[in-house]
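This report concerns only the one structure given below.
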Ligand SMILES: Nc1nc2c(ncn2[C@@H]2O[C@H](COP(=O)(O)OP(=O)(O)OP(=O)(O)O)[C@@H](O)[C@H]2O)c(=O)[nH]1
Ligand SMILES: [Mg+2]
């Protein structure tokens, strides 16, 4: 069971669409409240909460992260103006006592866009090195080209262009 959170328009629903059906669609509408999706991968069934990122929905993140096996935090790595807000919301969420120890995966999405932040930049901007007491990893990804250039990955994983740290 996973919960996918992050600021609006970072690409959470796109991520869930890509791992769920291998479908990249340009026309995604902003999520209202949340979407729930079950994705079967071989023997594993993922239950995914795709939670809305607009400010009025952020107070719901904690509820949907409660009891999950991992939190996926998606950030638009091409929108550095939003890094401070993303850092604030991430650390606010992780500070909730009921989320202690829950593993965190940070996806720096939209690395197809020129000038996107690298994994190193994201670690600094989001202060990922300050997070304690849980496994943390950060990858640079894109959802956009998965069907165009990487058809064979379409029903497995998003494109990983940088090594995990
Ligand atoms: N260039 C580029 N655009 C992307 C990528 N992933 C998603 N997008 C676009 O980013 C916009 C927002 O994507 P969504 O998946 O709706 O974002 P979200 O995080 O679910 O947004 P909320 O539901 O409002 O919280 C859409 O126009 C997507 O097409 C990517 O890897 N590269
Ligand atoms: Mg969405």
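Can you confirm whether region 121-138 contains a residue that is at pLDDT below 50, part of a loop (DSSP other than H, G, I, E, B) and touching a strand residue (DSSP E or B) at 6+ places or on another chain (Cβ under 8 Å)?
no
What number goes with the only condition from (1) without any contact (Cβ under 8 Å) to a residue 12 or more places away in the chain; (2) within 11 Å of ligand 1 (Cβ to nearest atom) that residue 92 does not pass?
Condition (2) is where residue 92 drops out.
One residue is enough: does region 47-63 have a residue meeting the conditions outside any helix (DSSP H, G or I), away from ligand 1 (no atom under 13 Å from the Cβ) and at pLDDT 95 or above?
Yes.
Which one is nearest to residue 61 (Cα to Cα) among residues in region 33-46 that are touching a residue at least 24 places away in the same chain (Cβ under 8 Å) and either away from ligand 1 (no atom under 16 Å from the Cβ) or loosely packed, with under 15 Cβ neighbours inside 10 Å (or both)? Lay out the reasoning, then the answer.
Going through region 33-46, the residues touching a residue at least 24 places away in the same chain (Cβ under 8 Å) turn out to be 33-34, 41, 46.
Now narrow it down to the ones that are either away from ligand 1 (no atom under 16 Å from the Cβ) or loosely packed, with under 15 Cβ neighbours inside 10 Å (or both): 33, 41, 46.
On the way: 33: 10, 41: 25, 46: 18 Å.
Filtering region 33-46 for residues that are touching a residue at least 24 places away in the same chain (Cβ under 8 Å) and either away from ligand 1 (no atom under 16 Å from the Cβ) or loosely packed, with under 15 Cβ neighbours inside 10 Å (or both), the one nearest to residue 61 (Cα to Cα) comes out as 33.
As an exercise: evaluate residue 59 against (1) within 23 Å of residue 87 (Cβ to Cβ); (2) more than 14 Å from ligand 2 (Cβ to nearest atom); (3) touching a residue at least 12 places away in the same chain (Cβ under 8 Å) and give the number of the one condition it does not meet.
Only one criterion is unmet by residue 59, namely (3).
Yes or no: residue 2 modelled with pLDDT of 95 or more, farther than 16 Å from residue 89 by Cα and either within 8 Å of ligand 2 (Cβ to nearest atom) or within 11 Å of the chain's Cα centre (by Cα) (or both)?
On the way: modelled with pLDDT of 95 or more: yes; farther than 16 Å from residue 89 by Cα: yes; either within 8 Å of ligand 2 (Cβ to nearest atom) or within 11 Å of the chain's Cα centre (by Cα) (or both): yes.
Yes.
So how many residues does region 64-89 have that are in a helix (DSSP H, G or I), within 14 Å of ligand 1 (Cβ to nearest atom) and crowded, with 18+ Cβ neighbours inside 10 Å? Give the steps one after another, and end with the answer.
Residues of region 64-89 in a helix (DSSP H, G or I): 64-65, 80-89.
Right, trim to within 14 Å of ligand 1 (Cβ to nearest atom) and you get 64, 82, 85-86, 89.
Of the ones still in play, those that are also crowded, with 18+ Cβ neighbours inside 10 Å are 64, 82, 86, 89.
The qualifying residues number 4.
Looking at region 15-30, I want the residues that are within 20 Å of residue 54 (Cβ to Cβ) and have a partner that is assigned to a helix (DSSP H, G or I) and within 13 Å of ligand 2 (Cβ to nearest atom) with Cβ atoms under 9 Å, at least 6 apart or on another chain. Which pairs are those?
Going by the 9 Å Cβ cut-off, the qualifying pairs are 25/14; 25/17; 28/13; 28/14; 28/17; 29/13; 30/13.
The values are calculated or read from the model by the stated rules, or taken from the named source; none is laboratory data. Note that the coordinates shown come from a computational prediction; the quantities given were computed from them, not determined experimentally. Counting neighbours? That spans all protein chains shown, and the Cβs are built from the backbone with ideal geometry, glycine included.
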